[in-house]
Amino acid sequence: MSAGRETTAEDFRSAARGWTTGVAVLTAGSGEEVFAKTVSSLCTLSVNPLLISVAVDRRSPLVSAVRSTSRYAVSVLTRDQEPLAQRFAAPGAGRALGFFTAAPMRPEATGAPVLEECLAWFDCWLDGVLPGGDHAVLVGRVAAAASTPGEPLLYHGGRYRSLDHLHRPTSTPRGVRA
């Protein structure tokens, strides 16, 4: 970028691809419907009180589901769960009646669905929704959380990756943007 030129959305996306993040799936249930979306914007905010935040496109039906139920969960994925990350990154793939057959889930403390066999999870009561441009930032008060040993699924340079140098996923996720 040369001096005086305004930063474009593509400049922003290119720079954001240089930031390595973990990959998680945000889930919420509303009545019989379950919603899920791949996210890479999970942030632990506070230990007292226990708070996390996650950003999701403000037009997503998941935001409405979280607002109406005041609860959600975030499941941190293992490197072996890349197919789930790809599935829930695709537009429209994260809404279904009943639990997803290809993604076993269970309700936790708040009743929000948590993905089975994930690396870690946070079950939250909605503490607030903050504006974040084209995204809504969901702040959650953690009601329950747990983790298990394993390798995380990472996102860097527009691709899923892992810490294990022998395991280098080469796929580019559909629908994931910085």
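The values are calculated or read from the model by the stated rules, or taken from the named source; none is laboratory data. All of these numbers come straight from a predicted model, not from anything done at the bench. Glycine also receives a Cβ, built like all others from the backbone with ideal geometry; neighbour counts cover every protein chain displayed.
Just a few scattered comments:
- Residue satisfying all of: in segment 109-120; within 17 Å of the chain's Cα centre (by Cα) and surrounded by 13 or more Cβ atoms within 10 Å (Cβ to Cβ); farthest from Gln81 (Cα to Cα) among these: Ala112
- Residue list for segment 139-155, filter: touching a helix residue (DSSP H, G or I) at 6+ places or on another chain (Cβ under 6 Å) and among the aliphatic types (A, V, I, L, M): Leu153
- Filtering segment 121-149 to residues that are within 20 Å of Arg106 (Cα to Cα), surrounded by fewer than 21 Cβ atoms within 10 Å (Cβ to Cβ) and touching a residue at least 12 places away in the same chain (Cβ under 8 Å) leaves Trp125, Leu126, Arg141, Ala143, Ala144, Ala145, Ala146, Ser147, Thr148.
- Residues located in segment 101-118, provided they are in contact with a helix residue (DSSP H, G or I) (Cβ under 8 Å, 6 or more places away or on another chain) and not small (Gly, Ala, Ser): Leu115, Glu117, Cys118
- Looking only at segment 150-178, residues that are surrounded by 15 or more Cβ atoms within 10 Å (Cβ to Cβ), in a loop (DSSP other than H, G, I, E, B) and either at pLDDT 75 or above or among the β-branched types (Val, Ile, Thr) (or both) come to 2 in all.
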